[in-house]
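Quick notes on the structure that follows.
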Amino acid sequence: MSLSLQTIDLHCGGEPARIVTAGLPPIPGPTMLSKRTYFMSNLDYIRKILLLEPRGYPCQNADFIVDSCSTDCVYGVIVAEQNKVYPSMSGHNCICVATALVESGMVEMEYPFTTFKLDFPAGPVDIKCECENGKVLSVTLTNVPSFIRPADTSLLITVPSLPLPVPCSVAFGGMFYCIVNASELNIILKPENGRIITQIGERVKVACKEQHPVNHPSFDYPGCDILVFYSDFVKTNEGGTVSNTVVMSNNKLESPCGTGTCALLAYFHGKGEIKVGGKLRNRSIVGSEFIGEIVEEGVDIDGVEGIRATIKGRAWITQYCRVVRDESDPFQEGFKVGDIW
């Protein structure tokens with residue numbers, strides 16, 4: 001059947017997001033988790049249409065704007081990525097969604113700050129947009145609780161083709177991240193090393209998921225589903241700075257990553273490197289930066305102790321468009337070709 005989706009495309013720190021604001025079929029469910037499950041089970045073809053060729057490409061993400069399940073949230077958001085990954089929360093996607101909603105008028109812009117809440121499968125997220133002259137200059141989000149459990153630290157993962165086990169930890173920041181110090185593998189985080197970073201990162205992530213499976217204590221969300229390499233951590237008066245790159249399941253790496261920043265904050269908090277009130281300036285492989293701050297510690301997540309963090313970044317609209325699928329189109333759900341996938 002034919003399909004027509006109204007979308008707004010943005011990028012945040014170099015990472016793209018395609019926000020679907022109209023054209024979706026009904027998505028039932030009393031909670032955002034149940035809406036996410038329904039979408040994954042019944043509407044995944046829409047994700048494929050938006051993210052695969054010829055309408056998408058390996059780096060693209062999708063965000064579906066739906067009715068909120070919480071009365072204090074203006075909209076609900078279902079996030080979708082390549083390889084049928086549906087994060088419970090995504091920082092860069094959240095910043096893109098907030099920017100799109102405010103700059104398009106779906107949320108009324110107020111000066112100097114526009115504040116509201118968005119409903120994600122992981123829970124409500126507080127949004128604060130700094131606004132000037134019709135533009136969103138920055139978005140600060142207060143994320144769902146992040147955590148790292150003692151049992152998920154100081155792991156040694158055996159990876160095919162690598163001579164020694166890889167030291168890593170697994171932390172949750174909205175997605176479950178396998179956290180690896182790049183120096184342990186003699187990897188330098190710079191764009192020209194992108195191919196080796198993604199190849200090794202994907203192998204480590206898959207091995208970690210197989211050898212050390214994890215799940216969220218409050219809802220069914222298995223992991224790990226993503227990997228972050230970090231390097232050059234330096235303690236500062238405000239907290240610390242670090243360089244990082246995130247390896248997704250389709251071998252992409254761009255922005256500093258919002259939930260990745262929260263996972264790193266939980267990781268460094270667990271090591272005693274950053275305390276409550278401390279900030280982490282997280283630089284990506286392409287030079288963009290997110291600022292994360294621990295605003296609360298000792299958060300109880302069904303028996304697991306976590307932190308709550310804010311993330312500050314900025315997104316830019318790149319296009320307004322309508323994505324269509326014609327009934328006669330031979331590529332109803334798109335395709336992948338091995339040269340770039």
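Legend: calculated FRET efficiency, E53 to S161, from the Cβ-Cβ distance at R0 = 30 Å, rounded to 0.05, equals 0.55. Modelled this way, with points 7 Å down the Cα-to-C-beta line, the labels at C321 and M40 are 2.8 nm from one another. The calculated 222 nm mean residue ellipticity attributable to helices in the chain amounts to -6000 deg cm²/dmol, summing -39500 (n - 2.57) over DSSP H runs of n ≥ 4 and dividing by all residues. From largest to smallest, the equivalent ellipsoid semi-axes obtained for region 275-318 from the alpha-carbon gyration tensor read 26, 12, 9 Å.
Taken as entire DSSP H runs, the helices of the chain that both span 24 Å or more between Cα atoms along their own long axis and average -1.0 or more on the Kyte-Doolittle scale are 194-211. Taking a Cβ cut-off of under 10 Å around T241, the surrounding Lys, Arg, Asp and Glu residues balance to a net charge of +1, with basic ones at +1 and acidic ones at -1. At the listed q of 0.18 Å⁻¹, the Debye profile of region 261-341, built from one uniform point per Cα, gives log10 I(q)/I(0) equal to -0.81. Note: relative contact order over the chain, using C-alpha pairs below 8 Å and six or more positions apart, is 21 percent.
What does the C-alpha gyration tensor say about the overall shape of region 51-150? Classify as rounded when a/c is under 1.5, otherwise prolate if a/b is larger than b/c, or oblate. In terms of gyration-tensor shape, oblate. Carbon-plus-sulfur accessible fraction, the chain (probe radius 1.4 Å, protein heavy atoms only): 50%. Based on protein heavy atoms only, region 182-341 ends up with 47 Å² per residue of surface accessible to a 1.4 Å probe. Kirkwood hydrodynamic radius of region 154-239, from the reciprocal of the average inverse Cα-Cα distance over all distinct pairs: 13.7 Å. Relative contact order, whole percent, for region 71-138 stands at 32, derived from Cα pairs under 8 Å and 6 or more residues apart.
What are the aspartates and glutamates whose alpha-carbon lies under 17 Å from the alpha-carbon of K336, with same-chain residues fewer than 8 places away excluded? Here the aspartates and glutamates satisfying the reach criterion relative to K336 are D44, E53, E81.
Can you compute the label reach from A151? Point 7 Å from Cα along the Cβ direction, backbone N cut-off under 14 Å, restricted to region 185-229. Answer for this model: 212-218, 223. Accessible area per residue for region 39-173, computed on protein heavy atoms with a 1.4 Å probe, is 35 Å². The local environment of I49, defined by Cβ-Cβ distances under 15 Å, has a net charge of -1 under the rule Lys, Arg +1 and Asp, Glu -1.
Suppose a student asked you for the relative contact order of region 157-196, using Cα pairs under 8 Å spaced at least 6 residues apart; what percent would you report? For region 157-196, the relative contact order is 24 percent.
Could you give log10 I(q)/I(0) at q = 0.15 Å⁻¹ for the chain, computed by the Debye formula over C-alpha point scatterers of equal weight, without solvent? The calculated log intensity ratios at q = 0.15 Å⁻¹ are -1.30.
Listed by chain and number, the aspartates and glutamates whose C-alpha is less than 17 Å from the C-alpha of K128, apart from same-chain residues fewer than 8 away, are D72, E103, E108, E110, D119, E293.
Checking the table K84/K209; K135/K312; K35/K135; K235/K275 against a 23 Å threshold on Cα-Cα, which pairs fail? The pairs that break the limit, which is 23 Å between Cα atoms, are K35/K135.
The values are calculated or read from the model by the stated rules, or taken from the named source; none is laboratory data. Because the structure is a prediction, the values reported are computed rather than measured. So basically every Cβ, Gly included, is an ideal-geometry build from the backbone, and we count neighbours across all protein chains shown. Note: accessible area is taken over every heavy atom of the protein model, side chains too, but ligands, DNA and RNA are not part of it. Shrake-Rupley method; radii C 1.70, N 1.55, O 1.52, S 1.80 Å.
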